[in-house]
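Each remark here refers to the structure printed beneath this line.
The values are calculated or read from the model by the stated rules, or taken from the named source; none is laboratory data. Values in this document were obtained by computation on a predicted structure and should not be read as measured data. Cβ placement follows ideal geometry from the backbone for every residue including glycine, while neighbour counts extend to all protein chains displayed.
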Ligand code: E4P
């Protein structure tokens, strides 16, 4: 399974990249706004040390605006991926970018039908938002496994990026469901490797070792 970091915080990405856990990065307008930095500058800095795909989202809601933005963003770095919302205009732009060989990440996917539309339009990646779906009483992980089956059934090359991950369970279930990628908030990552029994085990081993040395 590939891990993307779901953040626009460069320090956070650098720290986690040193552990070999960063295969790519996803950003969105909220994450970039939180950093208070220029959009292009942040994306280019991330792309300077992350060799995998780095998603940068368009702001326009009309296909022509999305395509104008995409044309510019695509020149920022060779590994940049254009992130587009799942709307009719977004699908149009996804299809047009596919013809030009530009990689896309279709975001804000909340149903299997939406994911299928994006795959058919030529999306490189689709991002089902499991946390936001669970928040309103839906079943985010059922959506992920349905999308996995659909892409497999029809041999689509589109990859699933499980997004809006809120818990360790989300990540574990995404892996069990066979999702290609999980995009994980930097703040959640330490919880993925920390376990109280690991800490207790280290303490016990050290105590026994020190006792035997007396
Ligand atoms: C990633 O592509 C999404 O933008 C992100 O995972 C959304 O997460 P949130 O629902 O926690 O804002």
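Here are the numbers for this structure:
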{"item": "Single residue of the range 36-51 satisfying the filter (in a helix (DSSP H, G or I) and touching a strand residue (DSSP E or B) at 6+ places or on another chain (Cβ under 8 Å)) that is farthest from residue 22 (Cα to Cα)", "result": "39"}
{"item": "Helices (runs of 4 or more DSSP H) contained entirely in the range 109-209, each with at least 3 residues that are within 13 Å of the ligand (Cβ to nearest atom)", "result": "130-135, 168-176"}
{"item": "Qualifying residues in the range 53-62 (those that are touching a helix residue (DSSP H, G or I) at 6+ places or on another chain (Cβ under 7 Å) and within 16 Å of the ligand (Cβ to nearest atom)) - the one farthest from residue 104 (Cα to Cα)", "result": "59"}
{"item": "Those residues of the range 57-68 which are touching a strand residue (DSSP E or B) at 6+ places or on another chain (Cβ under 8 Å) and part of a helix (DSSP H, G or I), in sequence order", "result": "66"}
{"item": "Qualifying positions in the range 74-89 - away from the ligand (no atom under 14 Å from the Cβ) and farther than 19 Å from residue 7 by Cβ", "result": "74, 75, 78, 87, 88, 89"}
{"item": "Test for residue 22: is it at pLDDT 95 or above, in a loop (DSSP other than H, G, I, E, B) and either in contact with a helix residue (DSSP H, G or I) (Cβ under 6 Å, 6 or more places away or on another chain) or over 23 Å from residue 74 (Cβ atoms) (or both)", "result": "yes"}
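Each row is one residue, and each column tells you yes or no for (1) more than 16 Å from the ligand (Cβ to nearest atom); (2) under 12 Å from residue 5 (Cβ atoms); (3) surrounded by fewer than 19 Cβ atoms within 10 Å (Cβ to Cβ).
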position	(1), (2), (3)
18	yes, no, yes
33	no, no, yes
51	yes, no, yes
67	yes, no, no
72	yes, no, yes
